[in-house]
Amino acid sequence: MMKSNLTAAGIALFLGAAIFAAAAHESEHFSAGEPGNPKKAARTVTVVMRDDDGKMQFAPDRVAVKKGEQIRFIIQNKGVLKHEFTLASVQDNNKHAELMKKYPDMEHDDPNAKSVDPGKTSEILWRFTKTGTFEFACLIPGHREAGMHGTITVK
């Protein structure tokens, strides 16, 4: 009886955490624009994630975009660690980074965020509908702080 209660409690805790994490993503608004339309033309920007020489970085770490432009980000992880590419405002990335500290194993396959294993490539198609400065960052705890972030300027 005791074992089944512990198992039920463990399952309930796991499901509660999963529901919380899913709700956090579903309620997420897109501060940097909107998902792109695959039927429309896009400029391709390849972003390489690295973690060699004791540095974590994106290359390039700056991208200039025109308002209304659609970009196909090809995201290549050439490091030895798993990384993420999360596109949002700095404020939204700050909030999501705090959530990632609580759930560091959270996986992303969202319109504006992808988790990418070492040696793998992913893609985001994005249309920039707002002017301003936005950020792409790896929100795995410690990675952004180690320099893994970049800036997108939309004019």
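Miscellaneous remarks
- Test: Val90 is under 16 Å from Gly33 (Cα atoms), open to solvent by 20 Å² or more (accessible area, probe 1.4 Å) and not charged (D, E, K, R): yes
- Within region 101-143, the set of residues being in a strand (DSSP E or B) and more than 18 Å from Arg72 (Cβ to Cβ) comprises Ser115, Gly132, Thr133, Glu135, Ala137.
- Val80 meets each of the listed conditions (1) more than 22 Å from Glu34 (Cβ to Cβ); (2) in contact with a strand residue (DSSP E or B) (Cβ under 6 Å, 6 or more places away or on another chain); (3) of a type in the set (Val, Ile, Thr) apart from (2).
The values are calculated or read from the model by the stated rules, or taken from the named source; none is laboratory data. The structure displayed is predicted, hence computed values, not measured ones. A quick note on method: Cβ atoms are made from the backbone with ideal geometry, for glycine too, and the neighbour counts reach across all protein chains shown. The protein model used for the area step is the full one, side chains on, heavy atoms only, and it has no ligands, DNA or RNA in it. Shrake-Rupley method; radii C 1.70, N 1.55, O 1.52, S 1.80 Å.
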